Amino acid sequence: MSNLWKEIKDNVKEWSTAAIKKADEVSKLAIEKTGDFTKISKIKLDIRQTQKDIDNVFEDLGRYVYLQVKEKNVASFKTNIEFDDTIKKVDGFKAKIKTFEKEIDNIKKEVEKAEVVKKPKASIKTKTQTKKTTKPSAKK
């Protein structure tokens with residue numbers, strides 16, 4: 001009977017050690033995923049801000065074109081340096097957004113590559129459970 005209690009005590013100790021180890025692994029993974037989620041959220045905010053910057057530039061561009069056409073009767077903006085600079089500014093913002101989107105993709109790929117937490121063993125067999133039991137052969 002004392003051997004059974006010793007085996008139970010040893011198994012409980014082994015299970016608790018395994019549970020603590022798994023809890024540690026799960027918490028580390030949760031911290032990593034939270035960090036990744038935070039990075040992605042920050043980048044998405046940067047994208048939204050850049051899109052607002054583009055909208056502001058378009059608003060300024062529209063105002064500029066309107067004033068040029070209305071007050072100065074300008075019909076072509078191909079040679080207008082200020083107009084050209086504004087177009088380049090919008091293109092720069094669009095390139096910046098593409099860079100942000102690539103960063104998000106890279107973070108998502110890193111998360112996919114992260115090691116998946118392995119499931120703990122279903123049960124640990126005691127020494128008495130591993131002993132083979134022999135069934136008496138049935139004689140006819």
query: In segment 44-88, what residues are more than 39 Å from the chain's Cα centre (by Cα) and surrounded by 10 or more Cβ atoms within 10 Å (Cβ to Cβ)?
result: R63, Y64, V65, Y66, L67, Q68, V69, V74, F77, N80, E82, F83
message: Suppose we filter segment 79-121 for residues that are at pLDDT 80 or above and either under 25 Å from L29 (Cβ atoms) or of a type outside the set (S, T, Y) (or both); how many remain?
response: 29
- request: Please tell me if S76 is of a type outside the set (F, W, Y) and under 19 Å from V111 (Cβ atoms).
  value: no
message: Return the residues of segment 23-39 that are at pLDDT below 85 and hydroxyl-bearing (S, T, Y); say none if nothing qualifies.
response: S27, T34
- prompt: Is there a residue being surrounded by 14 or more Cβ atoms within 10 Å (Cβ to Cβ) and at pLDDT 80 or above anywhere in segment 13-22?
  reply: yes
message: Here is a check on your reading of the model: is D24 touching a residue at least 24 places away in the same chain (Cβ under 8 Å) and of a type in the set (D, E)?
response: no
message: Given the condition modelled with pLDDT of 85 or more and farther than 30 Å from F83 by Cα, answer yes or no: does some residue in segment 44-51 qualify?
response: no
- request: Could you please let me know if I47 is closer than 27 Å to K96 by Cβ, in contact (Cβ under 8 Å) with a residue 24 or more places away in the chain and assigned to a helix (DSSP H, G or I)?
  value: yes
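The values are calculated or read from the model by the stated rules, or taken from the named source; none is laboratory data. All values reported here derive from a predicted model rather than from experimental measurement. Here the Cβ is made from the backbone with ideal geometry for all residues, glycine too, and neighbour counts use every protein chain on show.
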